[in-house]
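Q: This is the structure I have questions about; it appears just below.
The values are calculated or read from the model by the stated rules, or taken from the named source; none is laboratory data. Since the structure is predicted, the reported quantities are computational estimates derived from the model, not experimental observations. All Cβ positions, glycine included, derive from the backbone under ideal geometry; neighbour counts span all protein chains shown.
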Protein chains: 2
Amino acid sequence: MARGARATIVDVAEAAGVSRQTVSRAMNDLPGISADTKRRVLDAAQRLAYRPSRFGRGLVTGGERQLGLVVNDLRNPYSPELAATVVRLAADEGWNVMLVDIGLAKDADRLLASLRDQADVVVGYLGERSAGWEDGLGATPLIQLDPGGDTVHASVRLDPTRAVDALAAHLVAHGVRRPLVLDASAQGAPSARGAAIRDALARHGAPAELLHASASTAEHAAAMAAQAVRRASPPDAVVAFNDLMALGVLSACRHAGLDVPRDIRVAGIDGLTIGALVAPTLTTLAVDFDEVARDTLALAAALRDGESPQHRTVAHRLVLRESA
Amino acid sequence: MARGARATIVDVAEAAGVSRQTVSRAMNDLPGISADTKRRVLDAAQRLAYRPSRFGRGLVTGGERQLGLVVNDLRNPYSPELAATVVRLAADEGWNVMLVDIGLAKDADRLLASLRDQADVVVGYLGERSAGWEDGLGATPLIQLDPGGDTVHASVRLDPTRAVDALAAHLVAHGVRRPLVLDASAQGAPSARGAAIRDALARHGAPAELLHASASTAEHAAAMAAQAVRRASPPDAVVAFNDLMALGVLSACRHAGLDVPRDIRVAGIDGLTIGALVAPTLTTLAVDFDEVARDTLALAAALRDGESPQHRTVAHRLVLRESA
DNA sequence: CTGAAAGCGCTTACAG
DNA sequence: CTGAAAGCGCTTACAG
């Protein structure tokens, strides 16, 4: 055994004076080995700090299933809430989860290659990088989470249609007449959900102004909301692209001395846990993370077994709280 | 190639009419292959949906470094904030991160075995499970995050001492006389940080009442705080075991019609991002996640290279905001 | 209860 | 530019 190199099964076999497969028996709690021999082997293993190579073992056993989970920015609580659910359910079904934050990555190419090589199935939000990723992943199966357009890959989509309609009806019923939709999209064009909200409000008789934030952060949203509420004819409701932005809006309203929901109503999208902790608690269109995670794992299992890509859809649910 | 089985390098070689190492050259963008041959190989690979086995490759290349990150409960934002930082910095240094939530796991044994086999180094909060885990991990190196007592493993500790003292001084200077420490610990005995806060307050002339929550959730904290503020002689400050509990306290105060910080001051520990978004913004003892993650990765690299376990300490920092 | 042989899927020298 | 050989570290039958 070379100095500094990791011990292999052969090193342990030599140290214990047995054959390789006897070492394998001892390490894996297999039958057909005397207690005495087993102890001797385990002692030698410990002495050499022996750890079976996951590659050697995986080559013959097939290895464990590894799911590559790609999120956009773990600093938005949406990502960890989803990741938490996926990690929990994945563990129950025997998948390991390799977590990759593509939003913060300096070296996206390396991460991509890493996912391609290390994960059996990749699942995630690719956003506008979809095209490049689809190439970079090669033959590694991909499940797209809420893809913008059509996709040849498996996908789990979110459908806000019904919840958006319910929210619009609720707002209008409570007297909202000048709603502002605080959208977020890199290109400056309305996002799909931004457009859906605007359309629903219009249908219910309260045409909305549409504003675009260049980044979907609380800070951006707070800054834009602070400006909007200072105008001569301020909005009487703000529906934000996501809960994080809605929190920023709440913060701006508070600093502007506005009472929510009396002076202005605020709603977000995502259904983050934190929305129930803030003051006022946040009305939102909630995603059922459990359902998304379950669907995702079902699709992943199918892909891994060589089945063709499937598609699922999860609907948002209107959760009325204090803010709207 | 068997029906349903994954294509191997040999299948591609046969389909393309070349040898295995020519396939390897094509797949890995190595030199010494004609453009024509390469295209033919890549075509065959695509046709067969060929994906190089990470085990076959890892066996000869040594494979990528895999860090097993163990968190206690991803639903507490502390875990994802830490995970986010670790994932980001780990990616920069070429580590993959396998994320495991031990708090939510049904089958901790399987997860442990999985970690032992799949990760090169395991890092995490083991809490009261330390003993069992240390055995279960076998020879896989472990870095304990903020271990309670002494440990033979590498560790990154958090040290609240100075920040706690600064907080106590601040509270007392602002007239606090009847502080309540809302602690959390499974055994009902004061936690290390609970005791540190109590001692610091006593030193500064404001002996505190110590209350134990059985779980460190916002809900538990809210319930206990709601009771405490209803008493004849309510506390004039609450320092919570962590930010999540402090958020629960804020919520309880709000529902009780108390103004924070005028009627009662509230502080937490952790420095969660969300603390800056709530109303009022939360005073806290912040952990520098970047420093923790950097230290962790440094220790992990050392362990992987066979060096002996090291120990680091990261100090909390008092962040004064509106709530105290 | 123990061991000799074969093989998992890949890459790395080395020949040609 | 291409291929035959060896070997990475393990487990799975199969003999004894």
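Q: Report yes if some residue within the stretch B:12-22 is outside the structural domain of B:D146 (by TED's automatic domain parsing), without any contact (Cβ under 8 Å) to a residue 24 or more places away in the chain, near DNA strand C (Cβ under 10 Å from one of its atoms) and closer than 30 Å to B:L111 by Cα; otherwise report no.
A: No: zero hits.
Q: For B:A113, are the conditions met, namely being among the hydrophobic types (A, V, I, L, M, F, W, C) and farther than 17 Å from A:R88 by Cα?
A: Working: among the hydrophobic types (A, V, I, L, M, F, W, C): yes; farther than 17 Å from A:R88 by Cα: no.
Taking the combined requirement at face value, the residue does not satisfy it.
Q: Going by the structure shown, is B:L69 closer than 29 Å to B:D305 by Cβ, of a type outside the set (D, E, K, R) and either more than 16 Å from DNA strand C (Cβ to nearest atom) or touching a helix residue (DSSP H, G or I) at 6+ places or on another chain (Cβ under 6 Å) (or both)?
A: Yes.
Q: Which condition from (1) touching a Leu at 6+ places or on another chain (Cβ under 8 Å); (2) within 16 Å of DNA strand D (Cβ to nearest atom) is the one that B:G62 breaks?
A: In the conditions (1) touching a Leu at 6+ places or on another chain (Cβ under 8 Å); (2) within 16 Å of DNA strand D (Cβ to nearest atom), B:G62 misses (1) alone.
Q: Also, I was wondering about something else. Quick check on A:A208: is it within 30 Å of A:D290 (Cβ to Cβ) and free of Cβ contacts under 8 Å to residues at least 40 places away in the same chain?
A: Numbers: within 30 Å of A:D290 (Cβ to Cβ): no; free of Cβ contacts under 8 Å to residues at least 40 places away in the same chain: yes.
Here the answer is no, as A:A208 does not meet what is asked.
Q: Out of the residues in the stretch B:109-124 that are surrounded by fewer than 17 Cβ atoms within 10 Å (Cβ to Cβ) and more than 8 Å from chain A (Cβ to nearest Cβ), which is farthest from B:S216 (Cα to Cα)?
A: B:A113
Q: If you don't mind, another one. If you go through the stretch B:97-114 one residue at a time, do you hit one that is at pLDDT 90 or above and among the acidic types (D, E)?
A: No; the residues of the stretch B:97-114 include none that is at pLDDT 90 or above and among the acidic types (D, E).
Q: Turning to a different aspect of this structure: Condition first: surrounded by 24 or more Cβ atoms within 10 Å (Cβ to Cβ), within 26 Å of the chain's Cα centre (by Cα) and assigned to a helix (DSSP H, G or I). Now tell me which residues in the stretch A:220-240 satisfy that.
A: Scanning the stretch A:220-240 gives a single hit, A:A221.
Q: Find the residue count for the stretch B:1-55, including only residues that are within 12 Å of DNA strand D (Cβ to nearest atom) and basic (K, R).
A: 5
Q: In addition: Kindly indicate whether any position in the stretch A:83-93 is among the acidic types (D, E), under 30 Å from A:D120 (Cα atoms), out of contact with any Asp or Glu (no Cβ under 8 Å at 6 or more places or on another chain) and away from DNA strand C (no atom under 16 Å from the Cβ). Steps first, answer last, please.
A: Of all residues in the stretch A:83-93, those among the acidic types (D, E) come to A:92-93.
Those left that are additionally under 30 Å from A:D120 (Cα atoms): A:92-93.
Remaining after also requiring out of contact with any Asp or Glu (no Cβ under 8 Å at 6 or more places or on another chain): A:93.
So of that shortlist, the ones also away from DNA strand C (no atom under 16 Å from the Cβ) come out as A:93.
Within the stretch A:83-93, one or more residues are among the acidic types (D, E), under 30 Å from A:D120 (Cα atoms), out of contact with any Asp or Glu (no Cβ under 8 Å at 6 or more places or on another chain) and away from DNA strand C (no atom under 16 Å from the Cβ).
Q: Name the one entry in B:G127, B:G103, B:G94 that is at positive phi, surrounded by fewer than 22 Cβ atoms within 10 Å (Cβ to Cβ) and within 12 Å of chain A (Cβ to nearest Cβ).
A: Exactly one of B:G127, B:G103, B:G94 is at positive phi, surrounded by fewer than 22 Cβ atoms within 10 Å (Cβ to Cβ) and within 12 Å of chain A (Cβ to nearest Cβ), namely B:G94.
Q: Can you pull out the helices (runs of 4 or more DSSP H) entirely within the stretch B:1-86 that have at least 2 residues that are facing chain A (nearest Cβ under 8 Å)?
A: On the way: elements: B:9-16, B:20-27, B:35-47, B:54-61.
Fully inside the stretch B:1-86 and qualifying: B:35-47, B:54-61.
Q: Another one. Filter the stretch B:35-59 for residues that are of a type in the set (D, E, K, R), more than 12 Å from DNA strand C (Cβ to nearest atom) and either buried (at least 17 other Cβ atoms within 10 Å of the Cβ) or in contact (Cβ under 8 Å) with a residue 24 or more places away in the chain (or both) and give the result.
A: Once the filter is applied, which keeps residues that are of a type in the set (D, E, K, R), more than 12 Å from DNA strand C (Cβ to nearest atom) and either buried (at least 17 other Cβ atoms within 10 Å of the Cβ) or in contact (Cβ under 8 Å) with a residue 24 or more places away in the chain (or both), the stretch B:35-59 yields B:K38, B:R40, B:D43, B:R47.
Q: Follow-up question, since we're still on this one. Return the residues of the stretch B:241-275 that are within 17 Å of the chain's Cα centre (by Cα), of a type in the set (A, V, I, L, M) and within 11 Å of chain A (Cβ to nearest Cβ); say none if nothing qualifies.
A: B:L244, B:L272, B:I274
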